[in-house]
Amino acid sequence: MTKLMDQGASDYVIIVPKDAALPVRFAAGELSRYLAQMTGVTLPVMADCLSEGSHELCVGPVERAEAPDTAALIHDGYRIVTCGDRLFVAGGSERGVVYGVYALLEEGFGCRFFATGAEHVPIRGALALPEIDLTRISPFEYRCCFWYGMMNDPDLAAKRGLNGMHNALQARHGGSIQYYQFVHSFVHHYVPLEKYGKTHPEYYSMIDGERRLEPMGTQLCLTNPEVLAITIAQLKEDIKAHPEAKIISLSQNDCYFPCQCPECSRIDKEEGSHAGTLLRFVNACADAIAEEYPDIIIDTLAYHYTRQAPKITRPAPNVTVRLCTIEGCFSHPLEACEVVTCDYYKRNMTDDMSMRKDFEDWSRICNRLSIWDYETNFTYYLNPMANVPVLQSNIQYFIRHHVTSLFEQGNGQSPSGELGELKAYLSAKLMWEPEGDVRQWTQEFMEGYYGRAAAPLTRYLELFHEHVARANVHMGIRVPANWGHMPPELLAKAEALFDQAEAMAEDEEVLARVQRSRLSIRFVRIACMDTANPDRKALLEAFKADVKRLGVTYIREGQPLEQSFALLEAGTF
């Protein structure tokens, strides 16, 4: 085995192309920086125009005869390969080179990148050149984890191979794939109610014979030709004004109320779904820009009332349909469970609506199919969500049905006390390695993030998921704290295990991580406690203080902390 470094010295250099792009230079610098942390030896970064040496770590599209072919490396894929005394890190894109270097550091040299401030960099007196031949291509062209850490630490997002716009990769990482008008864009942007509502009420939904003109209570009349013309004109303006955006959202508002005018109703009846009028409208917009802008993708939703696929119309080649799993159960595999967990989402569903059928119907007719999936409780961010065991099976299900884009929405508003860092780590790993060993990844994360406190917290995870499976608890994204997933006897065991974890934490940083994760257990205790209990006020005051001390800024989606605390105090949370 070839020595890379030994006794504080090395014959190796890092080679990049003479005209290397910024992300390639950044990747080479990261390789040099982490190797120096490991060994104390800083390898120089040099251009490939210099004379060839046998001891080279080649990063990016270098001029070397053995450099690997990158033509097949789609979706930011990468290749890492040892050739004699040389090692190559090649990518199908500039981002792919960055991802490849981080993969080399993890798989070749034993580094681990768990979360912001939680990395493992092994210290080595000597280091061997790894014998490696690894090609990795993600099944997803668009990969986004909507968790706080992955959204606010672009270096972490790059280390985990994400490229969604909310992961905010910088120029040094190769940038992100950009959307414009990410979602819910019809009434708020393309045909704004404040501009047209008074003069053209016919542009908006007819409900029970009357046009609705409420900002969160209407959609567009998608069969009105003037609405189509206005939308196409605005769409073309947006494309010109935002050349960085490769995906443009044309999608319904975040409410119900599809138009019931005679023509919209006729088409929807013919199609067997409200997605009929939607998809015909979106296809017409996509056709209008296809020739002039062949690389632009139009994105729309299959969401709530448009979740069922139409019988006749098919998405245009430059249209991607983003199916939302919002009504589903997230403690059982989506493939196997049809339970709808919240009345909030049942109210506009018919008995024959099946998420599995809708998903598989869309997968049969879509050239591009995207998924908007959910990984936390949005009414109660701190409410434990028993979904870790199904993350892998759900992603594998998506892949089998030709999903090309995956958006995993967690708590993006605040550092998460409900194991958000673990879920973000596992989700990002699975976007690249859907057949990977999740049990091993979880154990590594627990040990890397919680240190000596890992054992009792791992046991808590096991007990929690065992209970939910045994009791067959179906968990949606808005279930309350008394749903049955954390009964009193399990809560008592969890509190004892967190006591152990706090006592075992080796430093203040690890202790803060344990305490932040414990907030979810404390939330359940308070939320399920009778407001007349004399102990409740003291527990609530201590909880409020610790939420602020530990940097948690939201415990309920979109609601300021003090309002959330007031609801919790009143017992109406």
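The values are calculated or read from the model by the stated rules, or taken from the named source; none is laboratory data. On a predicted model such as this, the values are computed, not experimentally measured, just so you know. Here Cβ is always computed from backbone atoms with ideal geometry, including for glycine, and neighbour counts include all displayed protein chains. Ligands, DNA and RNA are excluded from the accessible area calculation, which covers all protein heavy atoms including side chains. Shrake-Rupley method; radii C 1.70, N 1.55, O 1.52, S 1.80 Å.
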**Item:** Residue ranges of helices (runs of 4 or more DSSP H) in the stretch 378-453 with at least 3 members modelled with pLDDT of 95 or more and closer than 18 Å to His332 by Cα
**Value:** 391-400, 420-432
**Asked** Taking the stretch 198-248 as the region of interest, how many residues are among the small types (Gly, Ala, Ser) and touching a helix residue (DSSP H, G or I) at 6+ places or on another chain (Cβ under 8 Å)?
**Response** 1
**Fill in**
Scanning the stretch 95-140 for residues that are more than 23 Å from Glu421 (Cα to Cα) and of a type in the set (Asp, Glu) gives Glu131, Asp133
**Request:** Give the stretch 151-192 a look and list any residue that's of a type in the set (A, V, I, L, M), at pLDDT 95 or above and either open to solvent by less than 30 Å² (accessible area, probe 1.4 Å) or not in a helix (DSSP H, G or I) (or both), or say none.
**Result:** Leu156, Ala157, Ala158, Leu162, Leu169, Ile177, Val183, Val187, Val191
**Prompt:** Of Leu57, Leu31, Leu43, which residue is part of a helix (DSSP H, G or I), buried (at least 18 other Cβ atoms within 10 Å of the Cβ) and not basic (Lys, Arg)?
**Reply:** Leu31
**Prompt:** Going through the stretch 215-226 one residue at a time, which ones are open to solvent by 70 Å² or more (accessible area, probe 1.4 Å), modelled with pLDDT under 95 and under 24 Å from Ser273 (Cβ atoms)?
**Reply:** Met216
**Prompt:** Quick one: what pairs do we get from the stretch 555-573, first residue of a type in the set (A, V, I, L, M), second buried (at least 16 other Cβ atoms within 10 Å of the Cβ), C-beta under 6 Å, 6+ apart or different chains?
**Reply:** Ile555/Tyr381; Ile555/Leu382; Ile555/Ser564; Leu567/Phe573
**Request:** Please give the number of the condition Ile123 fails out of (1) open to solvent by 20 Å² or more (accessible area, probe 1.4 Å); (2) of a type in the set (Val, Ile, Thr); (3) not in a loop (DSSP other than H, G, I, E, B).
**Result:** (3)
**Asked** Can you name the residue in the stretch 261-273 that is over 21 Å from Ile230 (Cβ atoms) and in contact (Cβ under 8 Å) with a residue 24 or more places away in the chain and is also most open to solvent (accessible area, probe 1.4 Å) among such residues?
**Response** Glu270
**Asked** Do you know which residues across the stretch 478-523 are polar (S, T, N, Q) and surrounded by 15 or more Cβ atoms within 10 Å (Cβ to Cβ)?
**Response** Gln500, Gln515, Ser517, Ser520
**Message:** Filter the stretch 193-222 down to the residues that are in a loop (DSSP other than H, G, I, E, B) and closer than 26 Å to Trp372 by Cβ and list them by number.
**Reply:** Ser205, Arg212, Glu214, Pro215, Met216, Gly217, Thr218, Gln219, Cys221, Leu222
**Fill in**
Within the stretch 529-558, residues being closer than 17 Å to Thr379 by Cα and crowded, with 16+ Cβ neighbours inside 10 Å number 6
**Prompt:** Looking at Ser427, Ser416, which is the one that is among the small types (Gly, Ala, Ser), in contact with an Asp or Glu (Cβ under 7 Å, 6 or more places away or on another chain) and either open to solvent by less than 10 Å² (accessible area, probe 1.4 Å) or closer than 22 Å to Tyr380 by Cβ (or both)?
**Reply:** Ser427
**Prompt:** Going through the stretch 123-150 one residue at a time, which ones are touching a Lys or Arg at 6+ places or on another chain (Cβ under 9 Å) and either within 25 Å of Gln7 (Cα to Cα) or free of Cβ contacts under 8 Å to residues at least 60 places away in the same chain (or both)?
**Reply:** Ala126, Leu127, Ala128, Leu129, Asp133, Leu134
**Item:** Hey, Pro192 more than 12 Å from Asn253 (Cα to Cα) and without any contact (Cβ under 8 Å) to a residue 24 or more places away in the chain or not
**Value:** no
**Prompt:** What about Ala168, is it without any contact (Cβ under 8 Å) to a residue 24 or more places away in the chain and in contact with a Pro (Cβ under 7 Å, 6 or more places away or on another chain)?
**Reply:** yes
**Item:** From the options Ala284, Ala229, Ala316, residue that is in a loop (DSSP other than H, G, I, E, B) and open to solvent by less than 70 Å² (accessible area, probe 1.4 Å)
**Value:** Ala316
**Request:** Working only within the stretch 232-260, note down all residues that are crowded, with 19+ Cβ neighbours inside 10 Å and polar (S, T, N, Q).
**Result:** Ser249, Ser251, Gln252, Asn253
**Request:** Give just the number: which of (1) touching a Cys at 6+ places or on another chain (Cβ under 8 Å); (2) open to solvent by less than 40 Å² (accessible area, probe 1.4 Å) does Glu202 not satisfy?
**Result:** (2)
**Prompt:** Is the stretch 62-81 home to any residue that is part of a helix (DSSP H, G or I) and in contact (Cβ under 8 Å) with a residue 60 or more places away in the chain?
**Reply:** no
**Request:** Check Arg136, Arg79 and return the single one that is more than 30 Å from Ser517 (Cβ to Cβ), touching a Ser or Thr at 6+ places or on another chain (Cβ under 9 Å) and modelled with pLDDT of 95 or more.
**Result:** Arg79
**Where a residue in the stretch 408-427 is on the phi > 0 side of the Ramachandran plot and its partner, wherever it lies, is open to solvent by 10 Å² or more (accessible area, probe 1.4 Å) and modelled with pLDDT of 95 or more, with Cβ under 8 Å and at least six apart** = Leu419/Val388; Leu419/Leu461
**Item:** Of all residues making up the stretch 77-92, the number that are buried (at least 22 other Cβ atoms within 10 Å of the Cβ), within 13 Å of Ser54 (Cβ to Cβ) and of a type in the set (D, E, K, R)
**Value:** 1
**Message:** Go through the stretch 456-477 and report how many residues are under 13 Å from Ser331 (Cα atoms), under 26 Å from the mean Cα position of the chain (by Cα) and open to solvent by less than 70 Å² (accessible area, probe 1.4 Å).
**Reply:** 8
